[in-house]
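Q: Following this message is one structure expressed as structure tokens.
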Amino acid sequence: MLLSKEALRRFFYNQQITPAAVLVLLVYALLSGFLFWSFLSEPHALEFRPLLLVYTLGTQFWFLLFGFRQLRNITLYLTWCCWGLAHLLAYFALNHTSGYEGPLRNTLVLLLLFQGLRYLSLRLRQVDFIPAVGKPPWYVDGRRATGVDFLLTHLYMGIILLLFLLSLL
């Protein structure tokens, strides 16, 4: 068996979505709608490209730095995967109308990568992956992050940056 039953139960849980999570999703939906409507109404406007870049990279870093707890809830994870699919579709639409190249297409891949890193952590150490950023010692979810957490955190951030650079080619 790849994961014990207990570890699998810890991998995803299905609890009621908190009001804070609903608020994050609503704000994200409003921001997304505004940006995509603005960009699609004037696809060649250069002033929207930096906003779209910050929006996309901000989302991808947010998953690791602040949203990692939400990604443990299967309902929220699937909701964010829908957003990742929407990003991919928006990328194709923007690429077709304006020649847009950027990291918008990477969101779904990074969500899958995040869960892969969680799986790796649970498989190797029987504890969930927690982000280790800033100065040590790192305490998240009532436990101290380890060197493995630090390596996985920086692997994720490095892949974000690598995918971003590749999207510019």
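The values are calculated or read from the model by the stated rules, or taken from the named source; none is laboratory data. Since this is a predicted model, take the numbers as computed values, not measurements. Positions of Cβ are backbone-derived with ideal geometry, glycine not excepted, and every protein chain shown enters the neighbour counts.
Q: Looking at residue 96 and the list (1) touching a residue at least 24 places away in the same chain (Cβ under 8 Å); (2) within 30 Å of residue 42 (Cβ to Cβ), which single condition is not satisfied?
A: Single failed check for residue 96: (1).
Q: Moving on to the next point. Among 109, 133, 127, 148, which is over 14 Å from residue 65 (Cα atoms), of a type in the set (A, V, I, L, M) and in a loop (DSSP other than H, G, I, E, B)?
A: Just one listed residue meets the conditions, 127.
Q: Moving on to the next point. Taking segment 134-166 as the search range and keeping residues that are in contact (Cβ under 8 Å) with a residue 60 or more places away in the chain and surrounded by 16 or more Cβ atoms within 10 Å (Cβ to Cβ), which one is farthest from residue 94 (Cα to Cα)?
A: Ranking the qualifying residues of segment 134-166, first place goes to 153.
Q: What's the number of the condition residue 104 fails, among (1) touching a Ser or Thr at 6+ places or on another chain (Cβ under 9 Å); (2) surrounded by 18 or more Cβ atoms within 10 Å (Cβ to Cβ); (3) outside any helix (DSSP H, G or I)?
A: It fails just one condition, (3).
Q: Given (1) modelled with pLDDT of 85 or more; (2) within 30 Å of residue 169 (Cβ to Cβ); (3) surrounded by fewer than 17 Cβ atoms within 10 Å (Cβ to Cβ); (4) not β-branched (Val, Ile, Thr), where does residue 69 come up short, assuming only one miss?
A: So the condition that residue 69 fails would be (2).
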